[in-house]
1. Which Cα, out of A:LEU538, B:ASN101, B:PRO198, lies furthest along the positive dipole direction of the protein assembly as shown (beta carbon charges, K/R +1, D/E -1)?
2. Taking the Cβ of A:GLY279 as the centre, find all other residues whose Cβ is under 12 Å away and add up their charges (Lys, Arg: +1; Asp, Glu: -1).
3. Please compute, for peptide A:245-253, the average count of beta-carbon atoms on other protein chains lying within 10 Å of each residue's beta-carbon.
4. Among the GluC sites (Glu not before Pro) within segment A:448-508, which fall in a DSSP loop and have no more than 15 other Cβ atoms within 10 Å of their own Cβ?
5. In whole Å, what is the distance between the alpha-carbon centres of segment A:317-391 and segment A:121-161?
6. Below 8 Å between Cα atoms, with a sequence gap of 6+, how large is the relative contact order for segment A:410-482 in percent?
7. Using the Cα centre of segment A:410-482 as the reference point, and only Cβ charges (+1 on K/R, -1 on D/E), how large is the resulting charge dipole? Debye, rounded to the nearest 20.
8. What do you get for Rg/Rh over segment A:32-105 if you use C-alpha atoms and the Kirkwood form of Rh?
Amino acid sequence: MALTATNDFVVKFANVNGSGSASANQLFAKSILRMGIPIASRNIFPSNIQGLPTWFEVRVSGAGHLGRRGGVDLMVAMNPQTWDRDVAEIEPGGYLFYDSTRPIPQSRFRQDITVIGVPLTAMCNEAYDDPRQRQLFKNIIYVGALSALLDMDPEAPAQLIREQFRAKEKLIQPNLDALKMGRDWAMANLSCPLGLTLARMDAVGDRIFTDGNSAAALGAVYGGATVCAWYPITPSTSLAEGYERYARKFRTNPDGTKRYAIVQAEDELASIGMVIGAGWNGARAFTATSGPGISLMGEFVGLAYFAEIPAVIFDVQRAGPSTGMPTRTQQSDVLAAAYASHGDTKHVVLLPEDPHECFIMGADAFDLADRLQTPIFVLLDLDIGMNDWLCEPFHWDDARRMDRGKVMTAEELEEGKTFGRYLDVDGDGIPFRTWPGTHPTKGSFFTRGTSRDRYARYTEEGAAYVDNMQRLLRKFDTAKQIVPRPVETHAKQPTPLGVIFYGSTSAAMREALEALEADGIHLDALRVRAFPFHDDVLDFVRRHERVFLVEQNRDAQLRTLVVNEGEIDPSRIVPVLHYDGTPITARFIRAAIADRASATNVIPLSRMGAAE
Amino acid sequence: MTFLNKSRFHHPQLAPNALGLTRRDYEGAISTLCAGCGHDSISAAIIQACFELDLPPHRIAKLSGIGCSSKTPTYFLGAAHGFNSVHGRMPSVLTGANLANRDLVYLGVSGDGDSASIGLGQFAHSIRRGVNMTYIVENNGVYGLTKGQFSATSDKGSKAKKGTINTDEPIDMVAMALQLGATFVGRSFSGDKAQLVPLIKAALRHPGAAFIDCISPCVAFNNHEGSTKSFDFVRAHNEAVNRLDVILGRDHIEAEYEPGTAIEVTQHDGTVLRLRKLAEEHDPTDRVSAMNHLQERKAAGEIVTGLIFVDPEPEELHDHLGTIAGPLNALGDADLCPGAAALEKVNAALR
Ligand SMILES: Cc1ncc(C[n+]2csc(CCOP(=O)(O)OP(=O)(O)O)c2C)c(N)n1
Ligand code: SF4
Ligand SMILES: [Mg+2]
């Protein structure tokens, strides 16, 4: 039986990298959004570049589920190198779309799927002479054919093409023609539509479709960052590039001079060194990196913690350890960030769930860094960072001003205000600092990674050292109150079960919670947004008999942090771990929790049914 | 010679400079280095140079790595902010600081272990980026702070205090700086204040990457017979290429030299560097000539000192980046935040 579904299926494109497929696939995805239907899209690009395969997965979800679903209903197989595995991945009853120009032996198809052949290469060869055009328009032609097969409103891609080429009007008509060629061919030669159809709805609203790296970079621009020092590493590179793009657009003076500085450093040590130098000197500065970079930055992060220098580190996590799976996603730097460096250190870590929050936290991180005078880690992951997500639009309050924290000015020094660089004047653990060059005779001090007294004088005296370390703990306590609070959602009925999650797990978690509720398993849910943990986090654990902690790493890193920092009995927190490098799915969470929850005191499903 | 006198009674020599500051206003805390350490003489030369240049001390940022040499910023310019960073990483911290505020004078102090061993990469990259700074390596051929191990600038065949002979080739940081595109390269000796002070002055006035390799004997671990970084050895093998006078823009220039025996280089800010030539074949404004001379004299067993190369019109990092003329750290919300209306446009483009 062929699959049938409306606004609820998964299309996967198997392409050859560099074939121009990315913009065609984007056109396909955005056309669905323009029909008011929510989608979730993901790029899958292996680090091993043999055969240059890339995949692009679009989940169409009228219900608004934005996590990865798993499984493929329609495969658009455009890469002969990956043919066999692509065909094997199709769900029973699913569909295979392929270029039928060259015959493919029967044995390489499957009996339980519907096969749709379109002679794309032949059509292109006939219509175009230029090989580059043949290549590019082939992609547009398959979008046209798919639009007929899925009953897509043809005006949606047409309008996107007109918008995209507004500045290069010559390109509009040829693209529209290619789109029409594909659509007409499918209408004439295939039975359209398939069992999978799109139907216009109004479920997108004013949401935007963008990736977390760009959003975090835009947040850095809005947050007032002026210095970016970085070293290329997947999946963080597009964050630095995004900053460059937005800063060039928004921070270039009419004479061409720039109100920002970007240095591509020689390595991650130099990147963080520059960030610390700039932060020390009163600029808002950041770096973007991934796990291996975090390891290299270790010594410097300890310096910034101990010498109390603002710095922002965006860590777009990938699968470790070591080079691991560099183009696959994970949440496996949580402990490395929270406890980065030697000696007793702890750091503020922010955990955005989607690009919308990447923007917010990307800006807020700079206020936090200045207020707390310490490094702030913003932990994205490849899934949020490099994929386009449907999310709430960005907002900005024009009344907002940068919070530069406790910086003593020349005027205050002149008035005779007492300045002690490491003096806790009001009990929050945060001392005043001065920027270099402030005053001719007052307020200068020596910054060092060695122990010092409250007036920044070098000392190896134990009491002074302890005094300072205790103040740093007080400061961390202050951080607890000002970092983003966790967000709790309550089950429809009182329940002894809770679930904690964070970051890119959110979308899959929301979907899983709905499904579990339908299964009769009720869970209160807490999305953790920052470390140090607000009291609400530990309170949530105490209020529930059993808490699941869902995360995308092997060692249950956030759970370790909760257990350790909250001095919680580990048996109360059940880890639910997904770490094969693919984004976590609702199916996985649902199965894992249902499995374990049934062993506890959930209302049995049969009784649930009886009560209804 | 190296002890910094901190007694507070007023001495007739404490004449003020153009800012009304005395030499004492350029001093720092009392040195805790070994009595006789070359590094203290370099601190004294830095104090003298900044005083003579009338630099406001608080407009200087002094940065260092880790080592005895890197401790010295505490011992000069007490009114300046200082940053004793991590081992070998002063250059990146200084670069970042410079990005934040191009209006300060940046003075980086490092050791041969700090810059030629653990920090060789950062040294090289800060030079090739053209960071506007004065970068002084206090070069004693050993790790003083960790008690006398050979560093990467130790000469092959040089003997350690305990008798081991160094078998590795030395890194010549002057040769590297020239190759990497430093626009000011000098070498001096902590024991030659007359040479060192003008060299530091000229470097501080140089609007680009200025590098000074200053041989600075470690009296505790590398001042014995058989060492090539001892006071005696350096005195015997030191060959100055020129004698430098730094003439500030305001000063009257008098020609007091034989034509042909000196050249004058006018730096961007009007400072005139008058170089009385001591080595005939060396042209300090020609990088290739400087490199050749250095290698030739090195082969002859000499340590070339003096102002080895200067480009009077250098480019620096901010020129390459195209940043605004003023400090980035002075920009406010209006300069930095594009605002809500611009964000609405961004949103619209993402639908
Ligand atoms: C990462 C790291 N490794 C090792 C050390 C130990 N250490 C401190 S100073 C130093 C060598 C300093 O040598 P140099 O820069 O030549 O300075 P000097 O003491 O000779 O002036 C070493 C190895 C350190 N501080 N940090
Ligand atoms: S150990 Fe050597 S380098 Fe260090 S202070 Fe003593 S003499 Fe100077
Ligand atoms: Mg040394």
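1. A:LEU538
2. Net of charged neighbours comes to +1.
3. Per residue, the number of nearby Cβ atoms from other chains is 3 on average.
4. Answer in residue order: A:GLU460, A:GLU461.
5. Between the Cα centres of segment A:317-391 and segment A:121-161 lies a distance of 39 Å.
6. 30 percent
7. Values: 12 positive and 12 negative charges, 54 e Å.
Roughly 260 debye, rounded to the nearest 20.
8. So for segment A:32-105, dividing Rg by the Kirkwood Rh gives 1.00.
Coordinate-derived values only; no laboratory data. As the structure is a prediction and not an experimental result, all values here were calculated from the model. Every residue, glycine among them, receives a Cβ derived from its backbone with ideal geometry; neighbour counts consider all protein chains shown.
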